[in-house]
Structures are given as structure tokens and as C-alpha cells.
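A quick write-up on the structure given underneath.
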Amino acid sequence: MKVEGCPGCTSAKFQSVGRSGTAFIVTINAEKFEQPAYEIRHCDNCGIYYKSHILNETDLSRYYQINDFMKWENDRLFPTEQAILAVLSRLPEHSKILDYGCNTGRLMSYMLDRHHCFGVEINGEAAKIATQRGVTILSETELAIGFDAIVLCDVFEHLVEPTSVLQYLCQFLKPKGLLLLCTGNADAAAGKPDLANFWYFRTVEHLCMLSRTHAKFLSQKLGLNLIDWQEMSHYQYGWLELLRQHTQNFAYRQFHIYRSPFWMPILKLIPMMKRAENWTVPPLFTCTKDHALVVFENHANC
Ligand SMILES: [Zn+2]
């Protein structure tokens, strides 16, 4: 499906960014979902980065229906989650927190002994697990109770119309309430050379990426103060994996993006590096600070 207009502000004015992304297929339980070939667009008006082509509405909905929601379960907290919990733990005890798209309630489960934790989750099975964990699942019509903080962790990038969703949610923020947005940051250096083929956009369900400019746009549009911007990696790896990812990506870029007359002959002499010449897409590069946690604060009188 071709994306008509910017998902952040509906503007039709954009700049195409770098190389295009090739089509690819994702298979879940023998069902195939094809991400059409796409380019990444940078909106002239609101600064969001977005795919020009995405799965159509039916396929996207089906994809989420059969996707394994347990894939995000992990014994350890991701660095992004640690950053969110650090902000929430500074709120007064018994604050009301809403995790929008809470999945199995994993994140909120760490705050249950301090705050009143609520979640919105469209996947019934995931919501059931969240309830068992002690998170109170709310329907969209039950949000009027008001919240001291609303969290969207790894949710923004999945939204077809993120600004509309955020505008809707902000009406349920209490005065001085916080909106926490944790998502991919298109300003990050690792994605810059080839954003369309960066791992974040090679994920079929990721439709858009935040930038500092877009965070400022949201601040104005939502009528909230932007009070914090932190950059981090979503994942934590040991030094060996860090070395592997950096080395492979360095080699890939010399062959396919920079076509460096200095490095290419040298890399061809090293068997491990030479392999990168035949790679058609970049190797995984998930170890850099390509995520941002943005914190907005509601005005005191609203
Ligand atoms: Zn826009």
C-alpha cells in the first residue's frame, strides 16, 4: 500500500532519503507478508521519517493477529525499558500509569509495588497475561480516569497515524502528567548512511521513525513541554557481539555504499570481510544508540 501524505501531519511535502529499500517477505506460520519496495521519506513539515509503502490494512491487521506476542518476553530488562522505569520510579507513589500497547504487561510488572498500573492491549491473549500479572486492562472508553504518566514503549513506530493517537491519549493526561515515548531515532548515526535498509526499517511492522525535529513538532502539536531526550540502544550485548556487528557493517558499507577505493582492495584480502561483497542487504546492526526516550510534560493548568 502506498502511503499518501505524511503519517505525522498529512503534508505531501517530503524529501526522499538515501537509497531505496528492496521488497522482502516475512513468513509467519507459513503465511507470507510482503513488504513492497519502498523509500524513506523525511517530511518537510513535521520532521518524521516514514516508509513510502507499507502492508495494506488487512495484511497489517492479520500480521499482528498471528505474530508471536511472546517474542518480547525476556528475563532481563532492555536498556530502553530501564530508562522508562527510571523516569516512572521518580513519580510520587501510587501514581496512575497507563502503558498503551502494554502487550503482556511485562514493563508495568516492575512498577506494580509502587504505582497503579493500567494497560491498553488489543491482543486478547497478551492482555490476559497482563491481567494475571496484576496490570488493570482498560478499554479505550475507560481512559477518562486520568493518568500521571502515559507510556508508549516500542509502539509509536507501528502506528499508521501516530500524531492522531497521541492527540487522543493526551486528553487523558493529568495536569503535569508525563507522556513517555520510546522508539527508533532516525537522527542516530548508525542509520544515516542507508536508512531504508537499516534494520529498523527492514522490520515489516515498523512504519516510521522519530527525530528531534519531530519531537519538537509533537511538543507544539500536543501542547506539551519537551522536558527530556535520552538516546540509547534497545539491546545490550557483550563485547564480542558488538565487535561482530561493527566489523560486518563496516565491511558492508565499504563495498556497497561508499565503494571505498582504499578499503575495498584491503577487505578483499581478508576472507571474513570479503564475504560482505556478496551480501545484498546490510547485516544486523542493533547494537548502537538508535533509540530515543522522549519525555513530554503536560502544563500545570489544563
Ligand atoms: Zn509530516
- [ ] Select from region 285-294 the residues that are open to solvent by less than 60 Å² (accessible area, probe 1.4 Å) and assigned to a loop (DSSP other than H, G, I, E, B) and write down the one among them that is farthest from THR247 (Cα to Cα).
- [x] ASP290
- [ ] Give me a count of the residues in region 205-227 that are open to solvent by 50 Å² or more (accessible area, probe 1.4 Å) and in contact with an Asp or Glu (Cβ under 9 Å, 6 or more places away or on another chain).
- [x] 5
TODO: Please enumerate the residues belonging to region 154-169 that are open to solvent by 20 Å² or more (accessible area, probe 1.4 Å) and outside any loop (DSSP other than H, G, I, E, B).
DONE: HIS158, SER164, VAL165, GLN167, TYR168
Open item on the list: What's the number of the only condition in (1) open to solvent by less than 60 Å² (accessible area, probe 1.4 Å); (2) more than 25 Å from ASP187 (Cβ to Cβ); (3) charged (D, E, K, R) that GLU297 fails to meet?
Closed with: (2)
Task: Residue ID - most open to solvent (accessible area, probe 1.4 Å), chosen from residues in region 108-126 that are hydrophobic (A, V, I, L, M, F, W, C), at pLDDT 95 or above and not in a strand (DSSP E or B) - done: LEU112
Task: Qualifying position, being loosely packed, with under 15 Cβ neighbours inside 10 Å, under 18 Å from ASN197 (Cβ atoms) and over 17 Å from the mean Cα position of the chain (by Cα), among THR10, THR22 - done: THR22
- [ ] Could you identify the single residue in ARG202, ARG259 that is modelled with pLDDT of 90 or more, open to solvent by 40 Å² or more (accessible area, probe 1.4 Å) and more than 16 Å from the ligand (Cβ to nearest atom)?
- [x] ARG202
TODO: Grab the strands (runs of 3 or more DSSP E) fully contained in region 1-63, keeping just those with 1 or more residues being within 11 Å of the ligand (Cβ to nearest atom).
DONE: 14-21, 38-43, 49-51
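The values are calculated or read from the model by the stated rules, or taken from the named source; none is laboratory data. Just so you know, these numbers come straight off a predicted model, no measurement behind them. Here Cβ is always computed from backbone atoms with ideal geometry, including for glycine, and neighbour counts include all displayed protein chains. When the accessible area is computed, the model is the full protein with side chains, heavy atoms only, and any ligands, DNA or RNA have been set aside. Shrake-Rupley method; radii C 1.70, N 1.55, O 1.52, S 1.80 Å.
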